[in-house]
1. Against the condition buried (at least 18 other Cβ atoms within 10 Å of the Cβ), closer than 30 Å to K41 by Cβ and in contact with a Ser or Thr (Cβ under 8 Å, 6 or more places away or on another chain), how does D84 come out, does it pass?
2. Conditions first: (1) more than 14 Å from the ligand (Cβ to nearest atom); (2) of a type outside the set (D, E, K, R); (3) in contact with a Lys or Arg (Cβ under 9 Å, 6 or more places away or on another chain); (4) modelled with pLDDT of 90 or more. T162 passes all but one, so which condition is the exception?
3. How many of the residues in the stretch 89-115 are more than 13 Å from the ligand (Cβ to nearest atom) and either assigned to a loop (DSSP other than H, G, I, E, B) or over 20 Å from I159 (Cβ atoms) (or both)?
4. Out of the residues in the stretch 60-80 that are surrounded by 17 or more Cβ atoms within 10 Å (Cβ to Cβ) and not β-branched (V, I, T), state the one that is farthest from the ligand (Cβ to nearest atom).
5. Among the residues of the stretch 136-152, write down those that are under 12 Å from the mean Cα position of the chain (by Cα) and either under 13 Å from V71 (Cα atoms) or more than 13 Å from the ligand (Cβ to nearest atom) (or both).
6. Does G86 count as assigned to a loop (DSSP other than H, G, I, E, B), away from the ligand (no atom under 16 Å from the Cβ), of a type outside the set (S, T, N, Q) and in contact with a strand residue (DSSP E or B) (Cβ under 8 Å, 6 or more places away or on another chain)?
7. I need the full set of residues from the stretch 41-59 which are of a type in the set (S, T, Y) and away from the ligand (no atom under 14 Å from the Cβ), in order please.
8. Is it true that some residue in the stretch 10-26 is under 13 Å from the mean Cα position of the chain (by Cα) and in contact (Cβ under 8 Å) with a residue 12 or more places away in the chain?
Amino acid sequence: MSFINQVEAIIQHNEQLDKSDRLDLNQLLKKLVVEGECTFKNVVPHQTKPVSPLQYGRNVIFQSELYEVVVISMPALIETPIHDHGESDCCAYVVSGLVENRCFSLSESAKPLLRATQYYHSGEYFYESSNQIHSMKNPTGKSFTSLHLYSPPIKNNTIYKTVMNHKSQYLK
Ligand SMILES: [Fe+2]
């Protein structure tokens with residue numbers, strides 16, 4: 001079974017459970033990684049090249065009413081815009097490479113201020129709650145690949161420009 005088929009089967013099984021029996025986002029992503037065999041070899045075929053205005057590949061490999069799964073392919077030294085996730089929580093897994101996760105809060109004038117920088121290596125997980133403002137950066141000369149699980153599917157998230165922000169359909 002292909003990686004995408006594994007992802008579909010695992011998530012659809014989880015969705016069919018009573019709400020109280022469903023795995024939480026962290027548990028579900030871990031199941032996708034372990035039972036779905038989320039290896040670099042299996043994920044590589046699902047990487048995509050950057051499509052403007054994004055400078056990195058972003059491929060939605062699964063979407064349902066409750067969940068969305070995205071493969072991010074980040075070239076060397078590229079960073080996403082600063083953004084939140086709208087009403088969605090997110091859990092991510094680093095398939096290969098190094099992720100620099102930059103966390104922000106808003107100043108009184110609604111300007112993002114860098115509060116923390118975290119590094120996640122291949123094989124590590126990290127969680128972003130819906131109200132977290134962040135960017136993901138590749139600080140190295142080699143691309144990174146990461147798998148992201150959102151619930152619900154991400155929409156109407158905010159992308160913060162240097163001075164002002166606006167609503168956008170572009171997703172991180
Ligand atoms: Fe994000």
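1. Details: buried (at least 18 other Cβ atoms within 10 Å of the Cβ): yes; closer than 30 Å to K41 by Cβ: no; in contact with a Ser or Thr (Cβ under 8 Å, 6 or more places away or on another chain): yes.
Spelling it out, it is not the case that D84 is buried (at least 18 other Cβ atoms within 10 Å of the Cβ), closer than 30 Å to K41 by Cβ and in contact with a Ser or Thr (Cβ under 8 Å, 6 or more places away or on another chain).
2. Failing condition for T162: (4).
3. Residues flagged as more than 13 Å from the ligand (Cβ to nearest atom) and either assigned to a loop (DSSP other than H, G, I, E, B) or over 20 Å from I159 (Cβ atoms) (or both) within the stretch 89-115 amount to 11.
4. F62
5. Hits for the stretch 136-152 are T145, S146, L147, H148, L149, Y150, S151.
6. Numbers: assigned to a loop (DSSP other than H, G, I, E, B): yes; away from the ligand (no atom under 16 Å from the Cβ): no; of a type outside the set (S, T, N, Q): yes; in contact with a strand residue (DSSP E or B) (Cβ under 8 Å, 6 or more places away or on another chain): yes.
Criteria not met by G86.
7. First pass over the stretch 41-59, keeping only residues of a type in the set (S, T, Y): 48, 52, 56.
Of everything in the stretch 41-59, those that are of a type in the set (S, T, Y) and away from the ligand (no atom under 14 Å from the Cβ) turn out to be T48, S52.
8. Within the stretch 10-26, the first condition is being under 13 Å from the mean Cα position of the chain (by Cα), and the residues that meet it are 25-26.
With the extra rule that they be in contact (Cβ under 8 Å) with a residue 12 or more places away in the chain, the set shrinks to 25-26.
Yes, some residue in the stretch 10-26 is under 13 Å from the mean Cα position of the chain (by Cα) and in contact (Cβ under 8 Å) with a residue 12 or more places away in the chain.
The values are calculated or read from the model by the stated rules, or taken from the named source; none is laboratory data. Every value quoted in this text rests on a predicted model; they were computed, and no experiment measured them. Cβ atoms come from the backbone with ideal geometry, glycine included; neighbour counts cover every protein chain shown.
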